[in-house]
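Novice: The following block contains the structure, expressed as structure tokens.
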Amino acid sequence: MTTSLFERAAKILSDMVRIPSVSGSEKPLCDFIADHVSSLGFTSEKQEVYKTGYNVLVRIGSGNRVLFCGHLDTVPQFDMPEAFQPRLVDGSLFGRGACDMKGGLTSLLLLLEELRKHEQTPDMTFAFVVDEELYGRGAMELMRSGAKADICIITEPTNNKICIGNASCIEFRLSLHGQSGHGAARGGQNAIRNFIQFYGSFEKELEKLLDGSDSKFPMKPIINIGRIDGGYGAWVIPPVIAADILVHMHPMTSYSMAYSKVTDLCNKFGELLNTKIDFIPLHGCDGFILDEQNIYVRWVCEAFKAVHGFDPKLGLIEAETDANALYHKGGLPCIIFGPGDILYAHSSKEHVSVNEVVKNYETLFSFVKRING
């Protein structure tokens, strides 16, 4: 790897991190991407998306063999200081979106820069899409327009692990009921106390019911209780508490299976606590696992070994991505493979290794050469 390539990657990534692109406000970054690919000599197509920016598409040839895809939007700043002021520290670029997933976008832009030097390339489409973090409207618009490919590669952060499967998920709200009363009254049905008694056992049982540890690609469920709302103040016994919960589970556990398990648990614990538990589904998706012998999986693995000098690790990405919809609603087989560790995505310490970005680009270019060969 040359120093100039590292510097080029750091420059492109820094330029993108400086442009806030929180979901719903992606247009300035859409403009940056469109201008950048135009400067490389490519013609881009702007695909308008409802209530957000627009997808930027670059087609090479018919575009129908390989689809490279990445999302432009990020989560809000939250508690990250100076989130849109990129900082390069010990080879890693810090800033909101650096990991999820402007590092992956950078590797795609580096790939486009390299491809402009080559006359013979396979038919490819590069899709820079919006709204992945909220509603997936960019991917939905891409499918609505009839996007087709033999394989889709999404450069979400996977620590450069080659993910041939994507987790399923279910998001829901649980509401536990009590009975309002004076905060100084003894006894009473306190909804918050009921929730405290209930939730630990509920989560443990749900983990057992959704466990996918016995698979070739094992995955224990990941349960995040992300928001709790309840009560009026210390002087009132709270009559209700609501909690928003997100569960990611093994791809072979479907949304409908998880829905059924959560329903059963709510009924069970409602009876045990003699209280009403409302289960309100909010969102969900099914997962998938590709065949390891898929020729494109094999080519990506060969490309990885050529660049890194050792065999890659195959696995699952344990979070919902645009791949869930592209696979199930668009009929597109997907490999998820990109720089960055999801541990730092959405966090106050979000960052990505620039070397990892470069290695990802080099692997993708080696992959393209194999297709062309």
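Just so you know, all these numbers are worked out from the coordinates, no wet-lab data involved. Being a predicted model, the structure only gives us computed values, none of them experimental. Quick reminder, even Gly has a Cβ in these numbers, built from the backbone with ideal geometry, and neighbours come from all protein chains shown.
Novice: Multiply the residue gap between Asp123 and Ser348 by 0.36 nm, knock off their C-alpha separation, and tell me the result in nm, one decimal place.
Specialist: Going from the current span to full extension adds 77.1 nm.
Novice: Sticking with this structure for a sec: Round to the nearest 0.05 the FRET efficiency obtained for Asn274 and Ala184 when R0 = 22 Å and r is the Cβ-Cβ distance.
Specialist: Efficiency, from the Cβ-Cβ distance: 0.40.
Novice: Let me ask another. Using Cα atoms only, what is the angle between the long axis of helix 295-308 and the major principal axis of the chain, expressed in degrees (0 to 90) to the nearest 10?
Specialist: So the inclination is approximately 80 degrees.
Novice: Most fluctuating residue of Gln77, Gln197, Gln47 in a GNM of the chain with Cα springs under 10 Å: which is it?
Specialist: Evaluated over the chain, the most mobile residue of the options is Gln197.
Novice: What is the helix-to-structure angle for 27-39, meaning the angle in degrees between its Cα long axis and the longest Cα principal axis of the chain, kept from 0 to 90 and rounded to the nearest 10?
Specialist: Long axis of 27-39 versus the principal axis of the chain: about 20 degrees.
Novice: Suppose each label sits 7 Å from its Cα in the direction of the beta carbon; what would the Arg144-Ser213 distance come out to in nanometres?
Specialist: 4.4 nm
Novice: For the charge dipole of the chain, defined by +1 on Lys and Arg C-beta atoms and -1 on Asp and Glu C-beta atoms about the Cα centroid, which residue among Gly70, Gly183, Ser256 has the Cα displaced farthest towards the positive pole?
Specialist: Gly183
Novice: Loop-only trypsin sites (Lys or Arg not before Pro) in the range 200-281, please: DSSP not H, G, I, E or B, and at most 16 other Cβ atoms within 10 Å.
Specialist: Those satisfying the criteria are Lys216, Lys276.
Novice: Determine the relative contact order of the chain: mean sequence separation of Cα pairs under 8 Å and six or more apart, normalised by residue count, in whole percent.
Specialist: 24 percent
Novice: Charges at C-beta only: +1 for Lys and Arg, -1 for Asp and Glu. How large is the resulting dipole of the range 74-135 about its Cα centre, in Debye rounded to 20?
Specialist: Charge dipole of the range 74-135: 200 debye, to the nearest 20.
Novice: Label 7 Å along Cα→Cβ of Trp235; the range 176-193 residues with amide nitrogen under 18 Å?
Specialist: Counting only backbone N, you get 180-186.
Novice: Between Asp90 and Asn372, 0.36 nm times their residue separation minus their Cα-Cα distance comes to what?
Specialist: Full extension from Asp90 to Asn372 adds 97.9 nm.
Novice: Please build a GNM for the chain, connecting alpha carbons under 10 Å apart, and tell me which residue among Ala127, Ala234, Ala149 fluctuates the most.
Specialist: Of Ala127, Ala234, Ala149, the most mobile in the Gaussian network model is Ala234.
Novice: Just how many % of Cα pairs in the range 123-173 lie over 12 Å apart, if you round to the nearest whole percent?
Specialist: Summing the P(r) tail past 12 Å for the range 123-173 gives 75 percent.
Novice: Going down the table (Lys305/Lys329; Lys27/Lys148; Lys46/Lys102; Lys102/Lys161; Lys220/Lys359; Lys148/Lys329), which pairs top 22 Å between alpha carbons?
Specialist: Lys305/Lys329; Lys27/Lys148; Lys220/Lys359
Novice: Report, in degrees rounded to the nearest 10, the 0 to 90 angle that the Cα long axis of helix 191-209 makes with the longest principal axis of the chain.
Specialist: 50 degrees
Novice: Next question, about the same structure. What is the Cα centroid distance between the range 39-98 and the range 219-280, reported in whole angstrom?
Specialist: 34 Å
Novice: What's the FRET efficiency of Lys305 with Asn64 using the Cβ-Cβ distance as r and R₀ = 25 Å, to the nearest 0.05?
Specialist: It comes to 0.35.
Novice: Let me ask another. With springs connecting C-alpha atoms under 10 Å apart, model the chain as a Gaussian network and identify which of Thr263, Thr321, Thr74 has the largest mean-square fluctuation.
Specialist: Looking only at Thr263, Thr321, Thr74, the biggest GNM fluctuation is shown by Thr263.
Novice: Suppose a student asked you for the relative contact order of the range 1-153, using Cα pairs under 8 Å spaced at least 6 residues apart; what percent would you report?
Specialist: The normalised contact order for the range 1-153 reaches 33 percent.
Novice: Please give the contour-minus-distance gain from Leu134 to Arg298: 0.36 nm per residue of separation, less the Cα-Cα distance, rounded to one decimal in nm.
Specialist: Here the answer is 55.8 nm.
Novice: Within straight cross-link reach of Lys117, meaning Cα distance under 19 Å, which aspartates and glutamates are found once same-chain residues fewer than 8 apart are removed?
Specialist: Asp35, Glu362
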